[in-house]
Amino acid sequence: MENESNKRIDSVFSTKVRAGKRRTYFFDVRQTKGNDYYITLTESTKRYNGDGYERHKLFLYKEDFNRFIDSLQETIDYVKTELLPEYDYDEFTRRQEEWEEKRAAEDAENHQENKTVSQAGDENTEEDTGAGKDAADEDGGEEAGVENSLDGGDDDISW
C-alpha cells in the first residue's frame, strides 16, 4: 500500500528555473494511481530569516493545459507589447547566466580549496609521528583551526 501512495507523488519529469538568489520554480509531471498525468508548478522562496523555504503550489490538469498556456502567453505578450515595450526582457537571462557562471566558479574554487586542505591533512597524517602532533598542539593548533572553519564554524556559505 505504501508503494502505491509513493507512486502517486513521484515525479515522472522535473525541471527547475532559478529566479535569483532566493526563488526557484519547479515544474513537475506527476502520475496518478490511475496512470493519468498532471503538472505541479511550485514556487520555492528562501525565507529572509534563513529558516527554510516557503512553497506555493499550483496543480494543472491535462484538460486545462491548452487554455492555461494560451492565457499565460496572452498575458505575457500584453505586458511585453502594451505595458513595457521598451524593456529589455533578455536582461534577466543574461544576469542569470552571469550569476550561474560566477556561482559555478566559486563552487569550483571552494571545492579546490577543500581538496587542497584535505590533501595537506592526509600528508600530515601519513608523515606525522607523535612528536609532530605535539608540536602542532604547542603552536596553537593552526591545522585544527583550519579544519574547524571548514566544518562550518565562521564561514557564511548559505544559498
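Since every read-out is calculated from the coordinates, none of them should be taken as a lab result. Everything numeric in this text was worked out from a predicted model, so none of it was measured. FYI the Cβ positions are ideal-geometry reconstructions off the backbone, even for glycines, and counts take in every protein chain you see.
Between the stretch 58-103 and the stretch 25-54, how many Å separate their Cα centres?
That distance is 18 Å.
Using θ = phi - 60° and the Karplus form 6.51 cos²θ - 1.76 cosθ + 1.60, what ³J(HN,Hα) does each residue of the stretch 39-48 get, whole Hz, x for Gly and Pro?
Each residue's phi maps through the Karplus curve to give 10, 10, 10, 10, 9, 10, 10, 5, 5, 4 Hz.
Rg/Rh for the stretch 2-65 to two decimals, with Rh computed the Kirkwood way over all alpha-carbon pairs.
1.06
For the stretch 17-36, list residues with backbone N below 18 Å from a point placed 7 Å from the Cα of Tyr53 toward its Cβ?
17-30
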